[in-house]
Amino acid sequence: MTMERTLYSVSDLISKVRAMLELSFKDIWLEGEVSNVHYHSSGHLYFTLKDNLSELKGVMFKSSNSYLRFQIENGMRLACFGSLSVYEQRGQVQFVTKKIEISGVGTLHQAFEALKNKLEKDGLFDHKHKLELKRIPRKVGILTSGEGAAIEDVLHVISRRSPFLEIVFRPSKVQGEGAADDLSNGLIELSSFRGIDTIIICRGGGSIEDLWAFNEEKLAQTIFNCKVPIISAVGHETDYTISDFVADLRAATPTEAAEIICLSLEQIFSSFENYETAFINKVESLSLLNKNKIENLFNRLMRLEPSNRIKTKKIVLENFNNFLNNYIEKAIDRKKIKFESMSNQLISISPDNVLSRG
């Protein structure tokens with residue numbers, strides 16, 4: 001009996017193998033060390049997953065790659081979710097990846113740490129870039145959702161502690177798709193308002209997914225480039241976001257952010273009293289200094305006044321006249337004494353006196 005021969009073309013066989021593999025190994029997790037990482041200009045990501053014995057080509061197409069929240073680097077140990085397939089033109093088995101995580105760590109946490117390390121390395125967290133907040137701001141911008149509790153908490157504190165404070169509120173999405181873009185645009189708008197000297201960007205608590213807009217690099221760069229001091233108050237006390245690290249000051253909650261910018265009336269009066277005391281001391285010091293200057297100038301003017309100058313010259317002349325009189329009298333006395341001495345000498349040697357002495 002002759003066996004019937006089935007003759008496959010290469011493409012037919014590869015197509016059937018592909019169908020079998022995709023059916024049998026669909027939506028599975030594959031773990032391995034990544035190498036040969038290549039980000040193509042098309043937006044696709046190509047790499048190799050390997051262990052001690054084998055290796056397998058992997059691809060993550062642009063549609064999935066755009067949601068990747070961290071940079072893939074050679075040597076990482078990854079857990080990839082996807083399906084086994086065949087690249088038919090080359091007959092090459094490959095793993096079509098939809099999602100990637102660093103093994104043993106949650107995806108969002110990985111992305112957070114990766115971006116945090118990158119921005120810290122770039123200097124966005126350096127204290128030398130932090131802007132100083134005004135002690136008593138006059139106009140404050142608030143960026144948050146118009147529907148959450150955060151805006152209510154902030155406005156309640158302001159109305160109670162600093163009712164005179166002018167508020168510019170810009171509502172924004174604070175979670176979900178497009179939230180980071182909306183927040184970035186809101187910051188740019190508020191910073192362009194004339195007279196705004198502080199901006200609060202805030203929202204209430206939530207999961208890491210809920211807070212993720214505040215961990216986006218675009219928002220971080222916008223905060224860093226803002227010329228108005230920013231207070232970041234996202235979530236609860238234990239919640240930290242990238243925005244907190246980049247902002248000029250972090251507040252644990254929206255309520256705390258409002259308390260930071262709102263000095264109580266007692267604190268304001270105390271500040272004014274301190275300013276008043278310092279002002280009085282300064283005025284007294286300047287007054288004493290000017291008094292001394294005036295006295296010195298008066299004394300100089302008195303010395304330069306004509307009658308005083310004449311009086312001074314007269315005293316000088318009188319002193320000089322007395323000096324001359326004394327000098328002349330003493331000179332005459334000296335001459336008189338000398339004359340008498342010479343006269344006595346002449347008398348002693350006259351002929352009469354000599355003969356009389358024998």
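Every number in this text was worked out from the coordinates using simple rules, so none of it is lab data. What you see is a predicted model, and the numbers here were worked out from it, not measured in a lab. Note that each Cβ is placed from the backbone with ideal geometry, even for glycine, and that neighbours are counted across all protein chains shown.
Longer than 22 Å from Cα to Cα, which of 57/98; 50/99; 118/173 are they? Say none if no pair is. Those over the limit are 118/173. The modelled label-to-label distance for the pair residue 197/residue 169, using points 7 Å beyond Cα in the direction of Cβ, is 2.3 nm. Among 60, 20, 76, the largest mean-square fluctuation in a Gaussian network model of the chain, built with springs joining Cα atoms closer than 10 Å, belongs to 20.
At most 15 other Cβ atoms within 10 Å and a DSSP loop assignment: could you name the chymotrypsin sites (Phe, Trp or Tyr not before Pro) in region 193-226 that fit? List each step's numbers first, then the result.
Working: sites: 193, 212, 214, 224; in loops: 193.
For chymotrypsin sites (Phe, Trp or Tyr not before Pro) across region 193-226 that sit outside H, G, I, E and B with at most 15 neighbouring Cβ atoms in 10 Å, the list reads 193.
Comparing 289, 13, 190 in a Gaussian network model of the chain (Cα springs below 10 Å), the most mobile by mean-square fluctuation is 289. Straight-line reach from residue 227: which lysines have a Cα under 21 Å away, not including same-chain ones fewer than 8 places off? Within the straight-line cut-off, residue 227 pairs with 128, 130, 134, 139, 218. Only aspartates and glutamates eight or more places from residue 293 in sequence, or on another chain, were considered; none has a Cα closer than 13 Å. Using a cutoff of 8 angstrom between alpha carbon atoms and counting only pairs six or more residues apart, the relative contact order for the chain works out to 11 percent. The magnitude of the dipole of the chain, with charges of +1 and -1 set on the Cβ of Lys/Arg and Asp/Glu and taken from the Cα centre, is near 2920 debye.
If I take R0 = 51 Å and measure r between the Cβ atoms of residue 279 and residue 217 in this structure, what FRET efficiency does the formula 1/(1 + (r/R0)^6) give, to the nearest 0.05?
On the way: r = 47 Å, r/R0 = 0.93.
It comes to 0.60.
Per-residue ellipticity at 222 nm, computed for the chain from helices alone with -39500 (n - 2.57) per DSSP H run of at least four residues, works out to -16000 deg cm²/dmol.
A Förster radius of 30 Å combined with the Cβ-Cβ distance from residue 29 to residue 87 puts the calculated FRET efficiency at roughly 0.90. Convex hull of alpha carbon positions in the chain: directionally averaged projected area 51.0 nm². Candidates 310, 110, 151 compared by Cα position along the dipole of the chain: farthest toward the positive end lies 310, with charges placed on Cβ. Placing unit charges on each Cβ (+1 for Lys and Arg, -1 for Asp and Glu) gives the chain a dipole about its Cα centre, and among 242, 38, 195 the Cα reaching farthest toward its positive end belongs to 195.
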